[in-house]
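The values are calculated or read from the model by the stated rules, or taken from the named source; none is laboratory data. Model, not experiment: these values are computed from the prediction. All Cβ positions, even for glycine, are placed from backbone atoms using ideal geometry, and neighbour counts span all protein chains on display.
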Amino acid sequence: MKSEERVPVLIVGGGLVGLSTALFLEYQDIPYVLVERRVTRSVLPRARGMHTRAAEMFRQVGLQGRIQEVAATVLKSGHFGGASRGRSVCEAAALDFGGRSAAAGKPGGPMGFTNDPSPANFVFVPQVLLEPVLEEAARERGGELRFGNELVQFASDDDGVTATLRDQDGMVSTLRADYLVAADGAGSPIRQALGITGWEVAPTRYYINVFARVDLTELLGGRSFSQCDIAGDGVRGVVLCKNNTDEWSFHIEYDPARETLADYPPERCVAVVRAMVGDPDIAVEVLAQSAWDTGSFVADEYRRGRAFLAGDAAHRHMPWGGFGGKWRAAAGKAGRDTGVEIAVHALPATDCADHLHLPDGGALLLRPDMHVAARSDEGLTPAWLDESLRLLTDSANAAAPQRFAAGSILD
């Protein structure tokens, strides 16, 4: 066993959230070690774009240019945005959103916010292409990134965290960190080890995600869409674009009481993809597949002592809208004692708490595309806040408590 290392922050997880955390720490001149058990990345596109606030943050750390360069290479035809619906892609018709679209670079949003006073724009860049940019930048800036290293166990006390790590060769080492950031995904072994519970909303849909190479260029004839809802004979699901030509994600709806991912071998996936496209003879190459559902989970605590939860470890929710990597909170009037405080742009916390009748120390999750709807010198009016919060409160799950201890937020 190697001798014990010491570092201010240990980040566990080398995905989008972990790499972003590393870059933001480096920007603040805070040393860190990032460990990730994988050595290769998934080829699944996963998240496909970043909204304005996330783009602003990457701009702040000097990555806007690099990200935009990669984003410019993604689409091989057409543009990003829009939606269609039909029995198959061949028969699908475009849906009319009244001109509200992210395609122009400024996300339209649910209420049509198009004049976003920001130097950054919405960026269409799939996560599978974004993560290598972040990793490269972190390494160039002196970051300590250790892929192929796994957190075996850890112990937390009042002064820090002692972590036991194991590399690919089986070598075990001990690392002492002042703080631990758990960016280890929805299942989060760290969250489970800490005993942090949360509230959950049961899934209403289950999908097999089939990422495939299938050339739709001729079939689409110049049309493009962000997503296409399919409701055909014997198949339901959603088709999502990656490059608008020959790389697409086919999300196939299934019944978990009758089937699992194992029931979808490549040959069956090919047949279903052809049915969703509407062409029984089109060439299909399955590149990757996985299962997911629309369930949501939010941890009751985002911090326990010296350990923080970040990303899916703290909040797992439906991917609609692409907000998985970026949530923030409107804080209540008091109780900011966690040491992690993130201000809500243009929204006084006291106004929010009074308007929503939150208890002292309460907080309510807000979607991040709503944070700059008004100019920073205007603030947000109660009428506007009412309208925006309907997206969270006027739903079948409105009774589910979406409140946290104020300040206990990691974006």
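Leu240 - would you say it is closer than 28 Å to Gly14 by Cβ, of a type outside the set (Ser, Thr, Tyr) and assigned by TED's automatic domain parsing to the domain that holds Glu144? If you could, list the steps in order and put the result at the bottom.
Numbers: closer than 28 Å to Gly14 by Cβ: yes; of a type outside the set (Ser, Thr, Tyr): yes; assigned by TED's automatic domain parsing to the domain that holds Glu144: no.
No, not satisfied.
How many residues does the range 195-226 contain that are part of a loop (DSSP other than H, G, I, E, B) and either crowded, with 20+ Cβ neighbours inside 10 Å or not basic (Lys, Arg) (or both)? If you could, list the steps in order and put the result at the bottom.
Going residue by residue through the range 195-226, those that are part of a loop (DSSP other than H, G, I, E, B) are 195-197, 202-205, 214-216, 221-226.
Filter once more, so that each one left must be either crowded, with 20+ Cβ neighbours inside 10 Å or not basic (Lys, Arg) (or both): 195-197, 202-204, 214-216, 221-222, 224-226.
So the count comes out to 14.
Of all the residues that make up the range 163-185, how many are touching a residue at least 24 places away in the same chain (Cβ under 8 Å) and part of a strand (DSSP E or B)? Walk me through how you get there before you give the answer.
In the first step, residues of the range 163-185 are kept if they are touching a residue at least 24 places away in the same chain (Cβ under 8 Å); the result is 163, 165, 168, 171-185.
Of the ones still in play, those that are also part of a strand (DSSP E or B) are 163, 165, 172-182.
So the count comes out to 13.
Go through the range 251-286 residue by residue and tally those that are of a type in the set (A, V, I, L, M) and touching a Pro at 6+ places or on another chain (Cβ under 8 Å). First the steps, then the outcome.
Of all residues in the range 251-286, those of a type in the set (A, V, I, L, M) come to 252, 257, 261-262, 270-273, 275-277, 282-284, 286.
Remaining after also requiring touching a Pro at 6+ places or on another chain (Cβ under 8 Å): 286.
Total meeting the criteria: 1.
Give the range 26-49 a look and list any residue that's under 19 Å from Glu247 (Cβ atoms) and touching a residue at least 24 places away in the same chain (Cβ under 8 Å), or say none. Quick ask: steps written out before the conclusion?
From the range 26-49, those under 19 Å from Glu247 (Cβ atoms) are 40-49; that's our starting set.
If the condition is that a residue be under 19 Å from Glu247 (Cβ atoms) and touching a residue at least 24 places away in the same chain (Cβ under 8 Å), then Arg41, Ser42, Val43, Leu44, Pro45, Arg46, Ala47, Arg48, Gly49 are the ones that fit.
So, of the residues in the range 69-97 that are in contact with a helix residue (DSSP H, G or I) (Cβ under 9 Å, 6 or more places away or on another chain) and not in a loop (DSSP other than H, G, I, E, B), which turns out to be surrounded by the most Cβ atoms within 10 Å (Cβ to Cβ)?
The initial filter retains those residues of the range 69-97 that are in contact with a helix residue (DSSP H, G or I) (Cβ under 9 Å, 6 or more places away or on another chain), namely 69-71, 73-74, 76-78, 88-90.
From what is left, the residues that are not in a loop (DSSP other than H, G, I, E, B) are 69-71.
Numbers: Glu69: 11, Val70: 15, Ala71: 21.
The residue in question is Ala71.
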Restricting the search to the range 227-242, which residues are in a strand (DSSP E or B) and out of contact with any Leu (no Cβ under 6 Å at 6 or more places or on another chain)? Cys228, Asp229, Ile230, Ala231, Gly232, Val235, Arg236, Gly237, Val238, Val239, Leu240, Cys241
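Each row is one residue, and each column tells you yes or no for (1) assigned to a strand (DSSP E or B); (2) at pLDDT below 55.
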site	(1), (2)
Asp279	no, no
Ile282	no, no
Gln289	yes, no
Gly322	no, yes
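Criterion first (surrounded by fewer than 19 Cβ atoms within 10 Å (Cβ to Cβ), part of a helix (DSSP H, G or I), out of contact with any strand residue (DSSP E or B) (no Cβ under 9 Å at 6 or more places or on another chain) and at pLDDT 95 or above) does Arg258 satisfy it?
Details: surrounded by fewer than 19 Cβ atoms within 10 Å (Cβ to Cβ): yes; part of a helix (DSSP H, G or I): no; out of contact with any strand residue (DSSP E or B) (no Cβ under 9 Å at 6 or more places or on another chain): yes; at pLDDT 95 or above: yes.
It is false that Arg258 is surrounded by fewer than 19 Cβ atoms within 10 Å (Cβ to Cβ), part of a helix (DSSP H, G or I), out of contact with any strand residue (DSSP E or B) (no Cβ under 9 Å at 6 or more places or on another chain) and at pLDDT 95 or above.
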Ile252 fails exactly one of the following numbered conditions: (1) outside any strand (DSSP E or B); (2) crowded, with 19+ Cβ neighbours inside 10 Å. What is the number of that condition? (1)
Please verify whether the range 151-159 includes one or more residues that are over 20 Å from the mean Cα position of the chain (by Cα), surrounded by 19 or more Cβ atoms within 10 Å (Cβ to Cβ) and assigned by TED's automatic domain parsing to the domain that holds Gly86. no
Of the residues that make up the range 50-58, is at least one closer than 16 Å to Val133 by Cα, over 19 Å from the mean Cα position of the chain (by Cα) and in the same structural domain as Glu140 (by TED's automatic domain parsing)? no
Select from the range 160-176 the residues that are within 21 Å of Thr21 (Cα to Cα) and either of a type outside the set (S, T, N, Q) or modelled with pLDDT under 95 (or both) and list them in ascending order. Gly160, Val161, Ala163, Leu165, Leu175, Arg176
